[in-house]
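For reference, the structure is listed below as structure tokens.
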Amino acid sequence: METVEEVDAFAFDAHAGQVDKIGVPYIEHVRAVAAGLMPFGEELVMAGLLHDVIEDTRWTGAELRAAGVPERVVGIVEHVTNQPGVPYEEKIRRITSSRDATLVKIADNAHNSHPDRVAQLPEEERARLAAKYRTARDALWGAATSEDVARIVSLVNPSLLAELQERTRTA
């Protein structure tokens, strides 16, 4: 798998039949994350497409490597993958040790926080996730440049630009 198109087809097959929390085919989420990473090159786009494949499908990092996914891409995907028993806050701290993983997670967080998606969740879930994602943005955005964050959120969730501007003013 050497091209974005090949990785997209792979992600489509890997997530076949899966839907997200609001009932949308899961491939739409990973494609939105990948779209936010376009300014950073093809390997980051590939990582966006595959960012949940180890966590949410039968695929492992070793199998992705054997299938020809570039090593850098697999490394990023492994870096953002949830690990059993590891609290979310610790996962975010681990992610921020890698610029590439941080950018992928910023795009993931931005899409998961999109008002069109959040509005379809039950109120209790909406409030819980809003707090979780806002806390994660504190760490993620602090580990990236404002310019990189702006590039991603302008593509994935422009409603976050006001929050970014406010954080930049007060920093």
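The values are calculated or read from the model by the stated rules, or taken from the named source; none is laboratory data. Note that the structure is a prediction, hence the values are computed from the model and not measured. For neighbour counting, all protein chains shown are included, and Cβ atoms are generated from backbone atoms with ideal geometry for every residue, glycine included.
Annotation: A144 fulfils all but one of (1) surrounded by 17 or more Cβ atoms within 10 Å (Cβ to Cβ); (2) within 17 Å of A32 (Cβ to Cβ); (3) of a type in the set (A, V, I, L, M); the unmet one is (2).
Scanning the range 1-22 for residues that are touching a strand residue (DSSP E or B) at 6+ places or on another chain (Cβ under 9 Å) and buried (at least 16 other Cβ atoms within 10 Å of the Cβ) yields one hit, H15. Does A11 satisfy being closer than 27 Å to A144 by Cα, of a type outside the set (D, E) and in contact (Cβ under 8 Å) with a residue 12 or more places away in the chain? For A11, the condition - closer than 27 Å to A144 by Cα, of a type outside the set (D, E) and in contact (Cβ under 8 Å) with a residue 12 or more places away in the chain - is met.
Taking the conditions exactly as written (hydrophobic (A, V, I, L, M, F, W, C), outside any loop (DSSP other than H, G, I, E, B), without any contact (Cβ under 8 Å) to a residue 24 or more places away in the chain and closer than 25 Å to I54 by Cα), does L129 satisfy them or not? Considered against the rule, which asks whether it is hydrophobic (A, V, I, L, M, F, W, C), outside any loop (DSSP other than H, G, I, E, B), without any contact (Cβ under 8 Å) to a residue 24 or more places away in the chain and closer than 25 Å to I54 by Cα, L129 comes out as yes.
Taken over the range 39-61, the criterion of being within 15 Å of R99 (Cα to Cα) and either in contact (Cβ under 8 Å) with a residue 60 or more places away in the chain or not aliphatic (A, V, I, L, M) (or both) is satisfied by P39, F40, G41, E43, L44, G48, H51. Within the range 23-33, the set of residues being over 17 Å from P158 (Cβ atoms), buried (at least 19 other Cβ atoms within 10 Å of the Cβ) and of a type in the set (A, V, I, L, M) comprises I27, V30.
The one condition from (1) at pLDDT below 95; (2) not in a helix (DSSP H, G or I) that E55 does not meet is (2).
So that you can scan it fast, the table gives a plain yes or no per residue for (1) in a loop (DSSP other than H, G, I, E, B); (2) buried (at least 19 other Cβ atoms within 10 Å of the Cβ); (3) touching a Cys at 6+ places or on another chain (Cβ under 8 Å):
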| residue | (1), (2), (3) |
| --- | --- |
| M46 | no, yes, no |
| R65 | no, no, no |
| R94 | no, no, no |
| S97 | yes, no, no |
| T102 | no, yes, no |
| N109 | no, yes, no |
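Of all the listed residues (A136, A150, A131), the sole one being surrounded by fewer than 23 Cβ atoms within 10 Å (Cβ to Cβ), more than 23 Å from K21 (Cα to Cα) and either modelled with pLDDT of 95 or more or not hydroxyl-bearing (S, T, Y) (or both) is A150. A residue that is over 24 Å from V149 (Cβ atoms), without any contact (Cβ under 8 Å) to a residue 40 or more places away in the chain and surrounded by 12 or more Cβ atoms within 10 Å (Cβ to Cβ) occurs nowhere in the range 116-123.
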